Amino acid sequence: MKMSLYSKVTMGEQEFLIAEIDSTRYPKLNKALKYIPLDEFNDFSELKDTKLYDFYLELNKTEMKILNVADGSIGNSDPDQVAETMFYNNLMKFILSWNQKFYESLDQSHNLVLSETTKKKLNLCLAYFAAFDSYLSWILEESRFYSIPLILDAISEIEASFVLSSSFYYKQAAHLFRNFLELVVAQYYFSTNTKNFDDWRTLPHVNMPRFRGKDGMITNLRKNGKINNTEEEKLAQLFGTLSAYTHSKYEKLVHIDSKTKKSIPFGYNSRYFEEWMNLGIECMEIGLKILAKHTEDWEKQLEDEEDLLCPKCHEKAFETILEKYGKTEIMLHTCKNCNQQIRTDVLIEK
Ligand SMILES: [Zn+2]
C-alpha cells in the first residue's frame, strides 16, 4: 500500500509534520552501497571528497512533504540540501568526536604522534563507524529491522570496541567485533526462523544458535539463498580469526609482544592498533552488507503488506482518529498493543 508516514518536528516556534514523498528506500540503499568499500583519506577537511560523503548523500537524499501545522499549508524540500545539512550536523560531529577520543588518550599517556599510515587507517575505520551509525539511524527511523534489541546491541558492541581500543585494550576490543558479527547475523537468521527467535527470547535454557557448522546460522542463511558462498566464507573466516581474541590465544594478550612473545607493559601498541582497525573495517563492511540484505527483504515484505504495521511492535491493530490542519486531513493511528502513534495520509480500513 502506498502511503506517507508523517513525523512531527519543531523548528523555532513552529510545528511541522513531515513525510517522505516516496518512502520505498531500498533502491536508495543499493545505490549507497555501491560506495562500499570506503576509501582512505588524510584529513577530515577532505571528507566531502570521500566515498563516505557519497554513501551518506545517497542514503539520505529524500524529498519531503512539509505540512505546516498552524495553517495546513504544504511545501516540498530540496533533497540534496536536506542530506547535506544532515551530513554536517550529524555525521561530521559524530566522526570528529570519536576521533578526538583517540587523540586525547594518546596525548594524555604518551605524547605520541601517529604515523601517516596509521592516521589514514584510523580515518577509514572511523568512516566505517560513521557509515554504520548513519545506516542504523536510517533503519530505526522507519523500523526496517526485525528485532530492535539485537540491532541496538550490535551497535553497542561496536561503540564499546572503539571505547576500549582508544584506551589500548586491543584484545578486549577485538573480542567485541565477534559479538557484533554474531548479533548482526542473528537478526537476519531469526527473521526467517521466527520460532527459534521466540524460543531464544522466552526459554531460559535456549542459547543463541551456533554461528558456523552444520546447523550454524550462516549455513542456514546460505542454504536459504539469503547470503552467497563468498559471504558465508568471509563471515566464517572473520569469526574464526576473532575467536583467538575471545579465547585468549597467548599472542593476542595485551601484555605480550606478538612477535617476540615477550611480556610488554600495557599501553599504546601500533601493531595491535593496526590489527584492531583492519578487523573492524572488515567486520563493519560485511556487517553493512548483511544488514542491507535484511532491510531489502523486510521492505519488500512491507510493500506486499496490505495493512499498516506498528513500527515499534509490528502489530496491526490501531485506533484511528482524523486530525485537521487547515484543509489538510491526516489520520492519527494509535497502536492498540503498545500505544505507538503514527500519522498517515491514508485511511486504514479495519
Ligand atoms: Zn505497537
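Read-outs throughout are calculated quantities, based only on the coordinates presented, and are distinct from any laboratory measurement. Because the structure is a prediction, the values reported are computed rather than measured. A quick note on method: Cβ atoms are made from the backbone with ideal geometry, for glycine too, and the neighbour counts reach across all protein chains shown.
For this structure, a couple of remarks:
- For the chain, the alpha-carbon radius of gyration amounts to 1.11 times the rule-of-thumb value 2.2 N^0.38 Å expected for a compact globular protein.
- Per-residue 3J(HN,Hα) values for the range 241-250, derived from phi via the Karplus relation 6.51 cos²θ - 1.76 cosθ + 1.60 with θ = phi - 60°, read 4, 6, 4, 4, 7, 4, 9, 6, 4, 3 Hz in sequence order (x marks Gly and Pro).
- The range 98-231 - charge dipole about Cα centre, Lys and Arg +1 at Cβ, Asp and Glu -1, debye rounded to 20: 600
- Residue-averaged 222 nm ellipticity for the chain, from DSSP H runs of 4+ at -39500 (n - 2.57), nearest 500: -17500 deg cm²/dmol
- Axis angle, to the nearest 10 degrees, between helix 51-60 and the longest C-alpha principal axis of the chain: 20 degrees.
- Annotation: extensible slack from residue 323 through residue 49 equals 94.2 nm (criterion: 0.36 nm per residue apart, minus Cα-Cα distance).
- Under the convention that each Lys and Arg Cβ holds +1 and each Asp and Glu Cβ holds -1, the size of the dipole of the range 205-271 around its Cα centre is about 120 debye.
- About its Cα centre, the chain has a charge dipole of approximately 1400 debye under the convention of +1 per Lys or Arg Cβ and -1 per Asp or Glu Cβ, with nothing else charged.
- Summing charges over neighbours of residue 57, with a neighbour being any other residue whose Cβ is under 9 Å away from its Cβ, gives -3 when K and R count +1 and D and E count -1.
- Residue order, fewest to most surrounding Cβ atoms within 10 angstrom, among 271, 210: 271, 210
- Pair-distance profile P(r), taking every C-alpha pair of the range 42-164, with 5 angstrom steps and integer %: 2, 9, 16, 18, 17, 14, 10, 7, 4, 2, 1, 0
- Residue among 213, 173, 150 farthest towards the positive dipole end of the range 139-218, charges placed on Cβ: 213
- Residue order, fewest to most beta carbons within 10 Å, for 134, 248: 248, 134
- Pairwise centroid distance, computed over Cα atoms, of the range 106-185 with the range 283-326, Å: 26
- Cα-based helix-to-principal-axis angle, 116-141 vs the chain, degrees rounded to 10: 30
- Too-long pairs where the Cα-Cα distance tops 21 Å, listed order kept, from 31/51; 252/289; 31/61: 252/289
- Projected onto their three principal axes, the Cα atoms of the range 208-334 cover extents of 75, 38, 22 Å, largest first.
- Cβ-Cβ FRET estimate between residue 251 and residue 314, R0 fixed at 51 Å, reported to 0.05: 0.65
- Considering only 257, 199, 54, the Gaussian network model of the chain with Cα springs below 10 Å gives its largest mean-square fluctuation to 199.
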